[in-house]
Amino acid sequence: GVQGLIGPLLKNDPEEWLRAVRINLGSDFLCCRAVLPMMVRQGGGKIINLSGGGATSPRPCFSAYAAAKAAIVRLTETLAEEVKAYNVQVNAIAPGAVYTRMTEEILAAGTAAGERALAEAGRAKSDGASAHAAAALAVFLASDESDGLTGRLISAVWDDWRRLPTRLAKVNASDLYTLRRVAVSYTHLTL
């Protein structure tokens, strides 16, 4: 993935914005297309996409990156439904703050990244935030232990994913770990 353009959308070059979306979303699409024929032929498989970074909440000054990461979640959910009959399970990981080249891009962008993103990148760098939690979640999702779990976005850091096998029926019967609107009673709202 790439951060792509950092700064307000109004200042983003359209071609560069679209390039960042193509890289971040297109890479998942192309990888899924590449492995699916074999998985369908063999009667199963597991696909793990990487999302996070703005997929579930706004990420000002990173509109291309955030839009692509949210789209990866919806791609994951949609593809999971399409290939469920072939025993192919598709999930996405939100890895949490990890110190990478992309962290350095945020730090180099300075104030264009926004106060919050700059502070988070600074913490990731000073903490030496590693991908160990995300790697452990990927191993879990690739294993037989996660059989039956599909179409979900799981945070390596915030979700209690190690207990998922004991709660699989409940999770599959709910919208937990998906992008959905929360049902709200609108009777108290004045429009």
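Are any residues in segment 131-152 part of a helix (DSSP H, G or I) and open to solvent by 20 Å² or more (accessible area, probe 1.4 Å), and if so, which ones?
Once the filter is applied, which keeps residues that are part of a helix (DSSP H, G or I) and open to solvent by 20 Å² or more (accessible area, probe 1.4 Å), segment 131-152 yields 132, 133, 135, 136, 138, 139, 142, 144, 145.
Does at least one position in segment 84-105 carry a residue that is modelled with pLDDT of 95 or more, among the polar types (S, T, N, Q), within 18 Å of the chain's Cα centre (by Cα) and open to solvent by 40 Å² or more (accessible area, probe 1.4 Å)?
No: segment 84-105 contains no residue that is modelled with pLDDT of 95 or more, among the polar types (S, T, N, Q), within 18 Å of the chain's Cα centre (by Cα) and open to solvent by 40 Å² or more (accessible area, probe 1.4 Å).
Note down all Cβ pairs under 7 Å where the first residue falls in segment 1-15 and is surrounded by 12 or more Cβ atoms within 10 Å (Cβ to Cβ), the second is in a loop (DSSP other than H, G, I, E, B) and aliphatic (A, V, I, L, M), and they're at least six residues apart or on different chains.
Pairs that qualify, where the first residue is surrounded by 12 or more Cβ atoms within 10 Å (Cβ to Cβ) and the partner is in a loop (DSSP other than H, G, I, E, B) and aliphatic (A, V, I, L, M), are 12/5.
All but one of (1) open to solvent by 30 Å² or more (accessible area, probe 1.4 Å); (2) without any contact (Cβ under 8 Å) to a residue 60 or more places away in the chain hold for residue 62; state the number of the condition that does not hold.
(1)
Any residue that is hydrophobic (A, V, I, L, M, F, W, C) and not in a loop (DSSP other than H, G, I, E, B) - is there at least one of those in segment 169-176?
Yes; the residues of segment 169-176 include at least one that is hydrophobic (A, V, I, L, M, F, W, C) and not in a loop (DSSP other than H, G, I, E, B).
Could you list, in sequence order, all residues of segment 135-155 that are closer than 26 Å to residue 105 by Cα, small (Gly, Ala, Ser) and in contact with a strand residue (DSSP E or B) (Cβ under 6 Å, 6 or more places away or on another chain)?
138, 155
Out of the residues in segment 65-83 that are touching a residue at least 24 places away in the same chain (Cβ under 8 Å) and among the acidic types (Asp, Glu), which is most open to solvent (accessible area, probe 1.4 Å)?
Applying the filter and picking the extreme gives 81.
With the structure loaded, tell me whether residue 61 is part of a helix (DSSP H, G or I) and among the hydrophobic types (A, V, I, L, M, F, W, C) or whether it fails that test.
When the stated conditions are applied, residue 61 does not pass them.
Taking the conditions exactly as written (of a type in the set (Asp, Glu) and touching a residue at least 40 places away in the same chain (Cβ under 8 Å)), does residue 145 satisfy them or not?
Here the answer is no, as residue 145 does not meet what is asked.
Could you count how many residues in segment 55-68 are at pLDDT 95 or above and among the charged types (D, E, K, R)?
Qualifying residue count, segment 55-68: 0.
The values are calculated or read from the model by the stated rules, or taken from the named source; none is laboratory data. Being a predicted model, the structure only gives us computed values, none of them experimental. FYI the Cβ positions are ideal-geometry reconstructions off the backbone, even for glycines, and counts take in every protein chain you see. Surface areas here come from the heavy atoms of the whole protein model, side chains and all, with no ligands, DNA or RNA. Shrake-Rupley method; radii C 1.70, N 1.55, O 1.52, S 1.80 Å.
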